[in-house]
Amino acid sequence: MRRAEAALWPALFGSMSLALAMAFLYAPTERVMGDVQRIFYVHVGLWWAALVSFFLTFVAGIQTLRTRKDAWDELGGAAAEVGVLLNGLVLLTGAIWARPTWGVWWTWEPQLTATLLTELVYLGLLVLRSATEGERARTFCAVVGILAFLNLPVVFFSARLLRGVHPVVFGEDPAGRPTGLDPAMLHTLLVWLLACTVLCGVLVGLRAQLGLLDRRVRRLRAARGA
Amino acid sequence: MDTRSGKPSAGRWGLPVDEVVLVAEDLWKGFGGRAVLRGVSLTVRAGEAVAVLGPNGSGKTTLLRVLATLLLPDAGQLRLFGQDPSSSGASIRARIGFTTHEALLYGGLTVEENLRLFASLYGVKTTQVEAWMHKSGLWPRRGEVVRMLSRGWLQRTTLVRALLPAPPLLLLDEPFTGLDAEGAGWLRGVLLDHLRAGGALVLSTHRPEEVEGIARRVLLLESGRLIPHPKPSEPNRDGQTPPTILGRDVRPPGFGAALWALLQKELRIELKTREVLPAMGLMALVAIVLFSVTMGLDPALVRSAAPGLLWTTFTFAAMLGLSRAQAVERERAAALAVLAAPVDRGAILAAKATSQFLWILAIELLSLVASEVLLNIDLWPRLGSLLPVLFLGSAGLSLVGTLLGAVAAGTRLREVLLPLLLVPMALPLLIGAARATGKVLEGLPLWAAWPELRVVGAFGIILGAASLVLFEAVAEEGV
């Protein structure tokens, strides 16, 4: 376990350094948007890592209800917190990208709306977590974490009812023309996805460990006070 | 003779004499880092009464709630009637009569309505309700609303609710509290009859003299552990007349019967108290006026914003109804009594959600009338196309809202948490429903709103099914 933890830090710094280098030195400059397009790699990488976090919350929720173990509860809570942080950064990087590209910080188009709705749902989960104690907190957060993840596909489908202007990276654009990335851009994106997944793993792991330590301290204090 | 165990059987439940009814081993339970139970072990046999003494706050209520399977222990083993409560919950709950220091009754219903409700949830015949009301002296009070009862009569009603199905195991939390001398005499007689008939009893008290002549074993709950009390009392059950056996034929209801009984309860409470619908209706009206005024009363703007305005209004009104529905369950901890009954927990959620669905639908129709009059939106010719949208939207909103309402009710922030949980979660439904409503109001046929209806339907099916499954976990937390 300790060996795995020790390996995570070099993996994080290595993958992040490589990803940054590829975004600035390896990937070509986009023809229309110019250098501002390079935020795309961070933006998509964070979005992917946020989805991984929410999936972890879902799995941890099921395991919490099955096993009622503190470790699963802490993992679920940690993943939800990290997911909110990463998803919030997706919104922020999206706004930074949107301003020079679309001329506005925000527009009600499907992907943006879906990301915002997801953020609101998981923020609600964090408020719930802070407003409940003990076993109830464990059960309630597991239940809402499961519901929130099951709701994600519906959120994305509902957002597609709105008019879209988001760039289509894979598949076809609204006019039916095939879209695709330059191979160098694709390689950079894949490295960013990997780096952000490692980042997500490190953050969730650290936060869950902190939560478990906090529980231990509270138990020891209670035992001493009794 | 009990053919399986080879022991002589006795009592109305056919439990072999000295059969172990309850075994608790090393139970631990804490709240917010404070351990209330610290390794409680207890064995109770058929025909045996155990009294648990302890001052206020010693954990007696927590212990009884854990034994009644209404609270999960943090650690330790519990077996009731030889079964694991986690795998055979309903069949075990059917054999337990539980009271706590709260009444566990619906304040807005009469004594008789409450007892009839719980009789149907335990599959007890209604004739037995009447028999118990006569026996307990409640008959003259049967028409009184529980909220208006004195402490003593409230306690008798609570006890009769627990005794109605004649369960083989009684878990009674300070059962003599509030009873006068005559009431205490009646309860003492009932408990002795129960023990002579082979039933088991665990009762808590902080007054040892109350259990003299009833309890064979007296234990003290101190610092979260059970220790023998220095002065155990012996039961005195000789020379008494055989008990009148009530409540023999108990068959817990199925899903449909439980749902119907609980739905009737919801409708009856609303008919008697008129607390939810008028408040929701007024909220909807206020919201429509507020939106219209803040939009500058521009008819064109109001008309174009009408779908969003209507669904925001429905959501505000629905949240009011959902919050109130949970408040009704919290009053006198009535929900706990329903959760203690041997009914499918899905039926509890379904009944609550069905009543909410009916209230929301009623408010939607009222809002359409108000919009027709105040906003000059010509809705009635399109009502046929609007109804499926309203049905689908209300169904999803009420099912998920009821689950999240139960979650919010179990937190410190119950007043504010429901909107924070429900609105973001229901936004896909609201986007779909508002856009479908917009298409219908534009005069398009219903099938033109198929993509939107698909989203609303998917929300209802996915989140609704998940809510039904997950409610069991929420119910285990006693909310």
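Taken together, the values in this text are just the output of simple stated rules run on the coordinates, not laboratory data. On a predicted model such as this, the values are computed, not experimentally measured, just so you know. As a convention, Cβ positions derive from the backbone with ideal geometry for all residues, glycine included, and neighbour counts pool all protein chains shown.
Shown is the FRET efficiency for B:Arg303 and A:Phe55, computed with R0 = 51 Å from the Cβ-Cβ distance and rounded to the nearest 0.05: 0.75. Projected label points at B:Val416 and B:Arg274, each 7 Å from Cα along the beta carbon direction, are separated by 3.4 nanometres. Extending 7 Å from the Cα toward the beta-carbon at both B:Phe391 and A:Arg66 defines two label points whose distance is 3.8 nm.
Give me the angle, in degrees from 0 to 90, between the Cα long axis of helix B:383-409 and the longest principal axis of the Cα atoms of chain B, rounded to the nearest 10. Once rounded, one gets 40 degrees.
For the protein assembly as shown, the share of DSSP beta bridges that are antiparallel, to the nearest 5, is 60%. The slack in the chain from B:Ala184 to B:Leu267, taken as 0.36 nm per residue of separation less the alpha-carbon distance, amounts to 26.4 nm. Stretching B:Ser87 away from B:Phe31 to a fully extended chain increases their span by 17.7 nm, per 0.36 nm per residue minus the current alpha-carbon distance. Rounded, prolate or oblate: which fits region A:1-98, taking a ≥ b ≥ c as square roots of the Cα gyration tensor eigenvalues, rounded meaning a/c under 1.5, else prolate when a/b beats b/c? Cα axes put region A:1-98 in the oblate bin. Calculated mean residue ellipticity, 222 nm, the protein assembly as shown: -20500 deg cm²/dmol, from DSSP H runs (n ≥ 4) at -39500 (n - 2.57) each, averaged per residue and rounded to 500. Restricting to Cα pairs below 8 Å that are 6+ residues apart, what does the relative contact order work out to for chain B? Please round to a whole percent. Value for chain B: 17 percent. Assign one of three labels to the protein assembly as shown, namely rounded, prolate or oblate, based on the Cα gyration tensor with a ≥ b ≥ c the square roots of its eigenvalues; rounded applies when a/c is under 1.5, prolate when it is not and a/b is larger than b/c, and oblate otherwise. Verdict is oblate for the protein assembly as shown.
With contacts taken as Cα pairs under 8 Å and at least 6 residues apart, region B:254-386 reaches a relative contact order of 42 percent. Under 10 Å, Cα contacts only: if you run a Gaussian network model on chain A, which one of A:Val202, A:Val154, A:Val90 comes out with the highest mean-square fluctuation? Residue with maximal mean-square fluctuation among A:Val202, A:Val154, A:Val90: A:Val154. The A:Thr101 and A:Leu25 beta-carbon pair, evaluated with R₀ = 25 Å, returns a calculated FRET efficiency of approximately 0.65.
Could you give the angle, 0 to 90 degrees to the nearest 10, between helix B:345-374's Cα long axis and the longest principal axis of the Cα atoms of chain B? Computed tilt is about 30 degrees. For B:Lys125, the aspartates and glutamates whose Cα falls under 15 Å of its own Cα, not counting residues fewer than eight places away in the same chain, are B:Glu112, B:Glu113, B:Asp249. Beta bridges from DSSP with both residues in chain B: antiparallel share about 55 percent, rounded to the nearest 5.
Using a simple spin-label model with pseudo-atoms 7 Å out from Cα toward Cβ, B:Val289 and A:Val32 lie 5.1 nm apart. In the structure shown, the pairs A:Lys69/B:Lys265; B:Lys135/B:Lys265; B:Lys29/B:Lys352; B:Lys135/B:Lys352; A:Lys69/B:Lys60 are assessed against 28 Å; a Cα-Cα span above that value is assigned to A:Lys69/B:Lys265; B:Lys29/B:Lys352; B:Lys135/B:Lys352. Near A:Arg216: Cβ cut-off under 12 Å, other residues only, Lys/Arg at +1 and Asp/Glu at -1. The net charge is +1.
For the pair A:Leu190 and A:Glu133, a Förster radius of 45 Å applied to the C-beta separation gives a FRET efficiency near 0.60, rounded to the nearest 0.05. Compared with the dominant principal axis of the Cα atoms in chain B, helix B:306-330 is inclined by about 10°.
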